[in-house]
Every structure is written in C-alpha cells, then in structure tokens.
C-alpha cells in the first residue's frame, strides 16, 4: 500500500540516513505558499551550522504532475547556515528566504538547476550586517538525488556569496568558482559574517587566470535594469548603474572567445556577438555584432555613473546609465548607485 505522504517520507528517510537518530527542527508555513515547511538539522562539522531542507518543491503527497520521472519541480532546496555552537533556535530568516525562492519559481515558471545564479540586489537577510548579496546553486554533496514514488528529487543547495564573488562567477564560471570556494568553505556553508574570498590576492589571481584561459560560461544575463529603444537614427541601450559593470565583464569573457551574450530585460532583449560590425533591431530582439574596436568602445561607457554616452567606434549605439536603487525585501531603498 502506498503511503499518502510518500514524497514527504522519502525526504525524511534521506535525512534519517545522514543524521541517524536526530529529529529536525521543523518550521512550518501556513497558507497557499509553495513550501509547507523547512527542516533544520544542527551540525558541528566541519564548522557549526544548520543544514536546512525544504518541503514543497516536490510532490509530498499524491502524484499530480504529468512527468513520471520527476517529482513536482524535481528538486528541494537545501541551505547550510553558519551557527554558534550553543545556538538552539533555527534561523527563521533562512526559512523565509527559501520560501521567497519557491515563490519566484512558481510565479515565474523559472526553475533552478546546478550552476544557476541570482543577484539578490541587497543583503540576503534583513537587519543583518552582511556582504552576502547573491546566491548560486549546486547539488548538495551529501544528499544528492533520491528516487521517490513520485519521481526523482534533487537536493539543490543554495550558496550565499558576496557581490564581488558574484561578479567573478559571471566573468568566469559558476562551476569553477564554486570549486575554488569549496576549498576555503567546506560544504559551502553560508556565513553571513565572512569577507569576500576575492579579497585574497591568490583567489583573485585564479579568477583572472581562469577568465583569461576559459572566458565566461555565462550565455545569458536576466536583468531587471536593461532595455533598448530606437532614438532617431540611434539605438539607445538603457542599463542600471548596478548591472553595467557586470555586463562589461561578461562581454569581455564572451565575445573575444567567439561566444555570444544575450541580455534579457523585462520588455526587450539584445544579443551581442563578434564579427563584422552591424546593429539590427526588430520587435523582439536587438542583434549587435561587434568588432574588437567596437567592443572596446562599448566597454568604455558601461560604467556605474548615470548619464548618456555614445559608444566610440560602435555608432549608432548610445548607452544610457540610470541610477539603481537597491531595495531590501521590504521594498525600502537601502542604497543608490550611480
């Protein structure tokens, strides 16, 4: 006889395998949100931390989706958060953060996979003095993927990183940077109090060398602050000051290696590639082909300073940089860039 909670039981069984005899601290959610709860398990090794696991991205009860191979969205979130050795109450902010990620998936239809990434546009936790302002995703090395009666479930670990580290993942590679990070942060525990590992000259040099040799693996940037429009005989690119340097770094990691870069904004998209210079707009996509000289000119004006500037050697492109307002999850402006 199949259990009415087969999916839930499968998650519990994996946690019992990894933590025999340990009962998770379970924070439950009420209402229609995707996650029904988050389980927190305390660990002491390799550093004291909470190992959080979500319940709700997979099918916890009956099989309802048409895909027999995957349960629900095919994954559950995990999250490792640094804790004090005597800390007994799990961090509620972490559960709320995972719920926010779950809402994003359900509302947009954009799911997460290993090596995906997200700029949080502010601190990961309200009222915490932290440099952690972005996340990347990787398979949880200790939980992996499990088969359940409702299909497979991958345990997808959320890893908090700083803005400088996020820039490194875009200019180089999420996968390669995570391997570098794991050498310094065993089990990729998110520590709200840590500094950026890119402050270490050795790490910075490895990132620079990796980008020089490998280029950037980032093929698409989804940007809330990007768009383009015709402006007389010109084409005006509009970017937020917050994202302009990231676009410049990623272009440099793509086009010289013969790889295109697509920018997706809320209402328009553009694709940049290398070759004989051309700018071809249509209703859905702006297609820009840049010579080396035109790329250099565009990079010169992708700076975090508000204003309108022509891109030398890349006419008819004009770049408008607008001020970015960084907001906390409550919608309050905490910082203005540009």
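The values are calculated or read from the model by the stated rules, or taken from the named source; none is laboratory data. Note that the structure is a prediction, hence the values are computed from the model and not measured. Please note: Cβ atoms are built from the backbone with ideal geometry, for glycine as well, and neighbour counts cover all protein chains shown.
Side notes on the structure shown:
- Among the candidates 108, 162, residue that is surrounded by fewer than 22 Cβ atoms within 10 Å (Cβ to Cβ) and within 25 Å of residue 249 (Cβ to Cβ): 162
- Selected residue [part of a strand (DSSP E or B) and either in the same structural domain as residue 70 (by TED's automatic domain parsing) or under 18 Å from residue 176 (Cα atoms) (or both)] from 138, 130: 138
- Residue 295 being within 24 Å of residue 211 (Cβ to Cβ) and outside the structural domain of residue 121 (by TED's automatic domain parsing): yes
- For the residues 275, 265, 215, 232, the requirement of being at positive phi and in contact with a strand residue (DSSP E or B) (Cβ under 7 Å, 6 or more places away or on another chain) singles out 275.
- Selection within segment 47-71 - under 23 Å from the mean Cα position of the chain (by Cα) and more than 22 Å from residue 141 (Cβ to Cβ): 56
- As for segment 90-105, it holds no residue that is within 18 Å of residue 154 (Cα to Cα) and part of a strand (DSSP E or B).
- Only one of 111, 50 that is under 29 Å from residue 221 (Cα atoms) and in contact (Cβ under 8 Å) with a residue 24 or more places away in the chain: 111
- Wholly within segment 164-279, strands (runs of 3 or more DSSP E) carrying at least 2 residues that are over 20 Å from residue 312 (Cα atoms) and under 17 Å from the mean Cα position of the chain (by Cα): 220-222, 261-264
- Within segment 1-67, strands (runs of 3 or more DSSP E) holding 2 or more residues that are assigned by TED's automatic domain parsing to the domain that holds residue 85, out of contact with any helix residue (DSSP H, G or I) (no Cβ under 6 Å at 6 or more places or on another chain) and surrounded by fewer than 20 Cβ atoms within 10 Å (Cβ to Cβ): 25-28, 37-43
- Listed by position, the strands (runs of 3 or more DSSP E) enclosed by segment 281-338 that each have at least 3 residues that are modelled with pLDDT under 95 are 324-327, 333-337.
- Residue 155 vs. criteria under 30 Å from residue 71 (Cβ atoms) and either in contact (Cβ under 8 Å) with a residue 60 or more places away in the chain or surrounded by fewer than 18 Cβ atoms within 10 Å (Cβ to Cβ) (or both): yes
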